[in-house]
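Down below is the structure, laid out as structure tokens.
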Amino acid sequence: MKKIIYISTILLLFTSCKKYLTVQPELQVDQSQAITNAGTAATAVNGLFNSLASNGYYGYNYPALSYLSGGDITWTGSQSDPSEINKHLTSATNGYVQSAWTTIYKTISAANYILADVPGVTDPLFTTATRNQYLGEAYFIRALAYFDLARAWGGVQIILKPSTSPTDNTGIPRSSLADTYAQVLKDLNAAETLVPTAVNRNRVTQKTVWALKARLYLYTQQWALAEQYATQVISDTQDYALVGPYSAFFANNAVATKESVFELAYTASNTNGHSNWWLPPALGGRREWAPGSNLVALLNNPAIGGNRSALIAQTAPPGNLWYGQLYYRQPVGTDPAYVIRIAELYLIRSEARAEQGNILGANGALADLNAVRARAGVPLNTTAANLADILQALESERQVEFPFETDRFFNLVRTGRAQAVLSLPDTHLYLFPIPYNETLVDPELAGSNRNPGY
């Protein structure tokens, strides 16, 4: 698929921009001249965000890989692809896996065009601040894309230049996981110096970069740095806070609350697919993803779920079917996609502090865990007092804090707990298969370069 991405990238950049700005697409611009002035640069960046927000990526497909794999969501439909993921029988021909992989690499390709072309644009209307913002956003989104590839597939091919012909970017070997994460950090460092400092929850700012750095350092077990960057975001109490009750960040059509560090916006003409799969038919959906009985019990337990029970609801008798209602809005599909919430930063800092031996006290791991629990209305009666206990408490807290977001499975894998918690027969299931179509066209992804076990 990467061999045809160069054909579609320009169309992506210039035909899907209306979600963020009303811009007349320049459909006939030659790809070598696509980004030539301030207007076409803005259009390209709009296309980049649209790719990130598309259904192949955060619009539902990529998050679904996590929560369908995480053991708490039941697939109630008849399609084979999500059923495979739900049962941990994912094949290399799985359509969800192929779509997510392809869309993420298209997003990277769109970022590469911006990074290659925007520096050379000469236009008196193109200010230095705007140029830097666009470049910083491209670096950040490329970093997020490689981070998401790494946690789902392990080390991947790192492509940093545009593909303008079928022979471009061929013969690139897979990088190690460490090298892939190193590229993520390199891009985040570049973004940090370019993006604005003012808060914007739908675009990339300095604190958006810091939040993803905190997550990256958690995954790479650099505890002091994870704590440092989480603190830098949490400390901005004017702009970020655990809003209460829990449902305040999504109920009553709320958008861009202090809870969100980075969320993606949608409209009636540019929808995401989450609600279609979660809501029952009476509310305009198909309810083919449903909370499992164990998750329903946890969320409805006041001592565990607290007011996070707002995440689920039940259809009227005689059905009495439970469904998820994080994504619920009318028109259908206009819900935000939540990429980073402040609650995650509290739990990142809690784990980082615990790993450094700082558990009790006002600035200890337990204080951050209790902040998240208090917002949810959960009694602060946890007995966690040592590292093993606090790590287990954090795992349980994530389970009920982010059940319908891109969290559960990837964190169980990160902590080495997925096999035990999900009763997986083998740890090769910690990674998804390289899509079969990719192995057919790229020798660097075939044979022994495939993920083991597939």
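The values are calculated or read from the model by the stated rules, or taken from the named source; none is laboratory data. All values derive from a computational prediction rather than experimental measurement. All Cβ positions, glycine included, derive from the backbone under ideal geometry; neighbour counts span all protein chains shown. What goes into the accessible areas is simple: the full protein's heavy atoms, side chains included, and nothing from ligands, DNA or RNA. Shrake-Rupley method; radii C 1.70, N 1.55, O 1.52, S 1.80 Å.
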**Request:** Go through (1) open to solvent by 30 Å² or more (accessible area, probe 1.4 Å); (2) closer than 20 Å to Val45 by Cβ and name the single condition Thr231 misses.
**Result:** (2)
**Filtered residues of the range 245-284 (kept if open to solvent by less than 40 Å² (accessible area, probe 1.4 Å), under 17 Å from Pro63 (Cα atoms) and assigned to a helix (DSSP H, G or I))** = His274, Ser275, Trp277, Trp278
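Only helices (runs of 4 or more DSSP H) wholly contained in the range 374-446 count here; list those with 3 or more residues that are at pLDDT 95 or above and under 29 Å from Ala310 (Cα atoms). Walk me through how you get there before you give the answer.
Values: elements: 387-401, 408-414, 418-422, 436-441.
Hits in the range 374-446: 387-401, 408-414, 418-422.
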**Message:** So for the range 307-315 (the condition being touching a residue at least 12 places away in the same chain (Cβ under 8 Å), of a type outside the set (A, V, I, L, M), assigned to a helix (DSSP H, G or I) and farther than 27 Å from Arg414 by Cβ), does at least one residue qualify?
**Reply:** yes
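Only one of these is out of contact with any Ser or Thr (no Cβ under 8 Å at 6 or more places or on another chain), under 22 Å from Ser275 (Cβ atoms) and open to solvent by less than 10 Å² (accessible area, probe 1.4 Å): Gly95, Gly70. Name it.
Numbers: Gly95 fails: open to solvent by less than 10 Å² (accessible area, probe 1.4 Å).
Being out of contact with any Ser or Thr (no Cβ under 8 Å at 6 or more places or on another chain), under 22 Å from Ser275 (Cβ atoms) and open to solvent by less than 10 Å² (accessible area, probe 1.4 Å) holds for just one of Gly95, Gly70, which is Gly70.
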**Request:** Go through the range 41-129 and tell me which helices (runs of 4 or more DSSP H), entirely inside it, have 3 or more residues that are touching a residue at least 40 places away in the same chain (Cβ under 8 Å).
**Result:** 61-67, 95-117
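Return yes or no: is Phe402 closer than 23 Å to Arg215 by Cα and either without any contact (Cβ under 8 Å) to a residue 12 or more places away in the chain or in contact with a strand residue (DSSP E or B) (Cβ under 9 Å, 6 or more places away or on another chain) (or both)? Give the derivation first.
Values: closer than 23 Å to Arg215 by Cα: yes; either without any contact (Cβ under 8 Å) to a residue 12 or more places away in the chain or in contact with a strand residue (DSSP E or B) (Cβ under 9 Å, 6 or more places away or on another chain) (or both): yes.
Criteria met by Phe402.
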**Asked** What residue, among those in the range 32-68 that are more than 15 Å from the chain's Cα centre (by Cα) and among the small types (Gly, Ala, Ser), is farthest from Pro124 (Cα to Cα)?
**Response** Gly47
**Complete:** Cβ pairs under 8 Å, 6+ apart or interchain, first in the range 430-443 and free of Cβ contacts under 8 Å to residues at least 60 places away in the same chain and open to solvent by less than 60 Å² (accessible area, probe 1.4 Å), second in a helix (DSSP H, G or I) and among the aliphatic types (A, V, I, L, M), ordered by first then second residue, are Tyr430/Val413; Tyr430/Ala418
**Prompt:** What pairs come up if the first residue lies in the range 226-246 and is touching a residue at least 40 places away in the same chain (Cβ under 8 Å), the second is crowded, with 16+ Cβ neighbours inside 10 Å and acidic (Asp, Glu), and their beta carbons are under 6 Å apart, counting only those six or more places apart or on different chains?
**Reply:** Val243/Glu259
**Message:** Here is a check on your reading of the model: is Asn301 touching a residue at least 60 places away in the same chain (Cβ under 8 Å), open to solvent by 30 Å² or more (accessible area, probe 1.4 Å) and farther than 29 Å from Phe49 by Cβ?
**Reply:** no
